[in-house]
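The values are calculated or read from the model by the stated rules, or taken from the named source; none is laboratory data. Just so we're clear, the structure is a prediction, and the values are computed from it rather than from any experiment. Backbone-built Cβ (ideal geometry, glycine too); neighbour counts: all protein chains shown. Note: accessible area is taken over every heavy atom of the protein model, side chains too, but ligands, DNA and RNA are not part of it. Shrake-Rupley method; radii C 1.70, N 1.55, O 1.52, S 1.80 Å.
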Amino acid sequence: MFRGTFTALVTPFRNGDVDLAALEKLIEAQIAGGVTGIVAVGTTGESPTLTHDERENVIRKCVENARGRCTVLAGTGSYSTRDAIDATKRAEQLGANGALIVAPYYNKPSQEGLFRHFKAIADATSLPIVLYNIPGRCGVDIAADTVVRLADTCKNIVSIKEASGSVERVGELRIRLPDAFTILSGDDSLTLPFMAVGAAGVVSVASNLFAAEVCALVRAYQSGDVKSAQQLQRKMLPIFKDLFIEPNPVPAKTALGWRGVMSAEVRLPLCEMSEANQARLRQTLDGFEGRK
């Protein structure tokens with residue numbers, strides 16, 4: 001169901017508040033760039049720092065502005081199963097097309113706990129669900145056995161955003177999961193390697209800035225033009241790397257601020273980039289723009 005390029009949207013701020021006007025412009029740029037979908041209030045959207053009302057307003061704005069022109073996924077994960085259920089049900093009421101649900105972080109549940117957590121959420125909604133596995137941030141891995149068990153048990157768990165960094169794991173999941181269950185890369189730099197072993201696309205940070213280019217990479221590989229996909233991957237790799245030289249989404253927002261699209265503002269505990277890393281990022285972006 002979920003395949004192609006999905007942008008993990010940043011959440012624009014201005015003077016401490018969510019900047020909905022800038023968010024609208026960002027959404028339009030994504031649609032113009034050809035993305036399959038957008039992710040509202042994911043971790044790239046600084047969801048832990050948003051209030052309940054702010055999260056709902058961002059989801060509502062994404063649904064209203066997308067107007068069916070692209071898929072809208074809402075980030076509704078939490079380390080509290082009850083909170084995740086409430087957030088997912090509300091996203092469904094607001095008109096989201098699906099939910100992206102990160103593994104519970106900090107409390108490090110067992111695999112049985114993970115299974116029960118995701119099953120409880122799936123049972124509470126009719127929305128299609130994309131699991132989000134990012135053990136480096138959550139401190140827990142959704143094991144392949146658990147993913148397979150969830151896919152077998154919960155018919156509305158239909159995809160996974162895989163950010164373990166393991167090509168081998170993606171290959172294993174592709175072999176063991178039904179064909180209709182899609183795998184999405186959770187790392188821009190691994191999009192092409194993951195697609196080579198069965199992933200169906202990417203949830204991208206870089207597409208906040210370069211939607212058309214990331215979409216072109218994914219479409220090239222999907223259409224069988226491997227050479228063009230490889231060329232795009234090599235060309236964009238320095239950007240993929242330098243958008244993470246400081247905690248995401250600080251570099252992406254900094255670059256969007258330079259474009260005048262929005263303020264570069266982030267919320268504590270995130271803060272502005274160091275001057276040295278800003279200089280590095282500018283050089284990388286200038287080099288990419290010069291090679292277009």
Item to check | Identity of the residue in the range 1-36, small (Gly, Ala, Ser) and within 25 Å of Pro128 (Cβ to Cβ), that ends up most open to solvent (accessible area, probe 1.4 Å) | outcome: Gly34
Item to check | Residue list for the range 194-210, filter: assigned to a helix (DSSP H, G or I) and under 13 Å from the mean Cα position of the chain (by Cα) | outcome: Ser207, Asn208
Checklist outcome for this item: Of those in the range 204-222 that are out of contact with any Ser or Thr (no Cβ under 7 Å at 6 or more places or on another chain) and within 20 Å of Gly165 (Cα to Cα), the residue least open to solvent (accessible area, probe 1.4 Å) is Ala206
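This table checks each residue for (1) touching a strand residue (DSSP E or B) at 6+ places or on another chain (Cβ under 6 Å); (2) surrounded by 21 or more Cβ atoms within 10 Å (Cβ to Cβ); (3) on the phi < 0 side of the Ramachandran plot; (4) of a type in the set (Gly, Ala, Ser).
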residue: Val202; (1), (2), (3), (4): yes, yes, yes, no
residue: Gly224; (1), (2), (3), (4): no, no, no, yes
residue: Arg234; (1), (2), (3), (4): no, no, yes, no
residue: Arg259; (1), (2), (3), (4): no, no, yes, no
Checklist outcome for this item: Over the range 37-74, the set of residues outside any helix (DSSP H, G or I), open to solvent by 20 Å² or more (accessible area, probe 1.4 Å), in contact with a helix residue (DSSP H, G or I) (Cβ under 8 Å, 6 or more places away or on another chain) and within 19 Å of Tyr132 (Cβ to Cβ) is Thr43
Checklist entry - How many residues are in contact with a Pro (Cβ under 8 Å, 6 or more places away or on another chain) and open to solvent by 40 Å² or more (accessible area, probe 1.4 Å) when one looks only at the range 78-104? => result 3
Next on the checklist: With the structure loaded, tell me whether Leu50 is of a type in the set (A, V, I, L, M) and touching a strand residue (DSSP E or B) at 6+ places or on another chain (Cβ under 9 Å) or whether it fails that test.
Outcome noted: yes
Next on the checklist: So the check is Cβ under 7 Å with 6+ separation or different chains; which pairs have a first residue in the range 14-32 that's assigned to a loop (DSSP other than H, G, I, E, B) and a second one that's surrounded by 18 or more Cβ atoms within 10 Å (Cβ to Cβ)?
Outcome noted: Asp19/Pro12; Asp19/Phe13; Asp19/Met262
Checklist entry - Among the helices (runs of 4 or more DSSP H) confined wholly to the range 105-186, which include 1 or more residues that are open to solvent by 30 Å² or more (accessible area, probe 1.4 Å) and acidic (Asp, Glu)? => result 111-123, 144-153, 167-176
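Conditions tested, residue by residue: (1) free of Cβ contacts under 8 Å to residues at least 12 places away in the same chain; (2) among the small types (Gly, Ala, Ser).
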{"site": "Pro48", "(1), (2)": "yes, no"}
{"site": "Arg69", "(1), (2)": "no, no"}
{"site": "Ala87", "(1), (2)": "no, yes"}
{"site": "Ala91", "(1), (2)": "no, yes"}
{"site": "Leu94", "(1), (2)": "no, no"}
